[in-house]
Amino acid sequence: MLSLKLPTDPNWVNIAKMKISEILSDHAYCEQKAASTAISMIISFPQYPKLVSAMADLAQEEMSHFKMVHDLIIERGLKLGRERKDYYVINLRSFFPKGGSKNDHLIHKLLVAGLIEARSCERFRILSEKLEDIKLRKFYRKLMISEASHYTMFLRLARHYGNSREQVDMKWENLLDYEAELINTLGDKESIHG
C-alpha cells in the first residue's frame, strides 16, 4: 500500500525501544513540522482552493497529534527534548532540482510530503506491533492509520495539480528509488526517520 521500495531495518525498533523518550520527543517535532509544512503550502499556493482546504485541515490535525504526543511525554514524567535536524527530510527535499515553474515546485513539495508520511506510517506500524507498552502500541496504531490517509492525500493532490498523471507518477517512482537508497543508510538513530 505504501509503495516504499525498502523496508525499515528491523534493528531500528530495538533502538526505539531502548530510547523511547527520544523517539517521543522526535515524534512531537515531526508532528509540529508537518503542521508547519501544511501552513507553508497555504502561504505559498493560496490560489488553489482544494489545496488550501486540505492543508488547513491537515495543519489542525497535525497540531492535535503534537499535543497528543506532548501529553504522553508529560504523563511519563519526561520533558520535550531539543529539536534535532531530520537528515532524512533534508535529503529528501534535496532530491528535486531547484528552480522550475511554481507548479513543479508544488508537485515536488507534495510528493516529498507524501513520502515522509508513508515512511512515518511504516515506522508507526512497526512501533504498534513491536513495543511492549500496550498504551503506546494502541497510540501508534491509531496514528499509523492517520499517516496512511495523509500519504494518499498528498499523492492525490500531486496528481490533481500535475501537468499529467504520467509525469507525476514518474517523479514519484524516481523519488521512491532515491528514498530506498537513503533509508538504507539510516535506521541507527533514536528518531522517527533516522
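For the range 58-88, a tally of residues being of a type in the set (Val, Ile, Thr) and in contact with a helix residue (DSSP H, G or I) (Cβ under 6 Å, 6 or more places away or on another chain) returns 2.
Does residue 7 satisfy being surrounded by fewer than 17 Cβ atoms within 10 Å (Cβ to Cβ), closer than 21 Å to residue 152 by Cα and modelled with pLDDT of 95 or more? So residue 7 fails the test.
Close Cβ contacts (under 7 Å, 6 or more residues apart or on different chains) running from residues in the range 73-96 that are closer than 17 Å to residue 119 by Cα to residues that are β-branched (Val, Ile, Thr) comprise 89/116; 92/112; 92/116; 93/112. For residue 149, indicate whether it is free of Cβ contacts under 8 Å to residues at least 60 places away in the same chain and closer than 25 Å to residue 43 by Cβ. For residue 149, the condition - free of Cβ contacts under 8 Å to residues at least 60 places away in the same chain and closer than 25 Å to residue 43 by Cβ - is met.
With respect to (1) in contact with a helix residue (DSSP H, G or I) (Cβ under 9 Å, 6 or more places away or on another chain); (2) surrounded by fewer than 18 Cβ atoms within 10 Å (Cβ to Cβ); (3) among the β-branched types (Val, Ile, Thr), the lone exception for residue 134 is condition (1). Looking only at the range 80-105, filter to residues that are under 21 Å from the mean Cα position of the chain (by Cα) and of a type in the set (Gly, Ala, Ser); which one of those is farthest from residue 69 (Cα to Cα)? Out of the qualifying residues, it is 94.
One line per residue, one yes/no per condition, for (1) hydrophobic (A, V, I, L, M, F, W, C); (2) under 24 Å from residue 142 (Cα atoms):
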residue: 44; (1), (2): no, no
residue: 77; (1), (2): no, yes
residue: 89; (1), (2): yes, yes
residue: 96; (1), (2): yes, no
residue: 102; (1), (2): no, no
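Residues that are β-branched (Val, Ile, Thr) and either in a helix (DSSP H, G or I) or free of Cβ contacts under 8 Å to residues at least 60 places away in the same chain (or both) within the range 6-17 comprise 13, 15, listed in sequence order. Considering each residue of the range 167-182 in turn, at least one proves to be outside any loop (DSSP other than H, G, I, E, B) and in contact with a His (Cβ under 8 Å, 6 or more places away or on another chain).
Looking only at the range 35-61, which residues are of a type outside the set (Val, Ile, Thr) and touching a residue at least 60 places away in the same chain (Cβ under 8 Å)? Result: 41, 44, 45, 48, 50, 51, 54, 58, 61. When residues in the range 122-131 are screened for being buried (at least 19 other Cβ atoms within 10 Å of the Cβ), within 15 Å of residue 72 (Cβ to Cβ) and either in contact with a His (Cβ under 7 Å, 6 or more places away or on another chain) or without any contact (Cβ under 8 Å) to a residue 40 or more places away in the chain (or both), 1 of them pass.
Give the residues of the range 157-194 that are in contact with a Lys or Arg (Cβ under 8 Å, 6 or more places away or on another chain), acidic (Asp, Glu) and touching a residue at least 24 places away in the same chain (Cβ under 8 Å), sorted by residue number. Scanning the range 157-194 gives 177, 179, 190.
The values are calculated or read from the model by the stated rules, or taken from the named source; none is laboratory data. For clarity, every value in this text was computed on a predicted model and none was experimentally measured. Note that each Cβ is placed from the backbone with ideal geometry, even for glycine, and that neighbours are counted across all protein chains shown.
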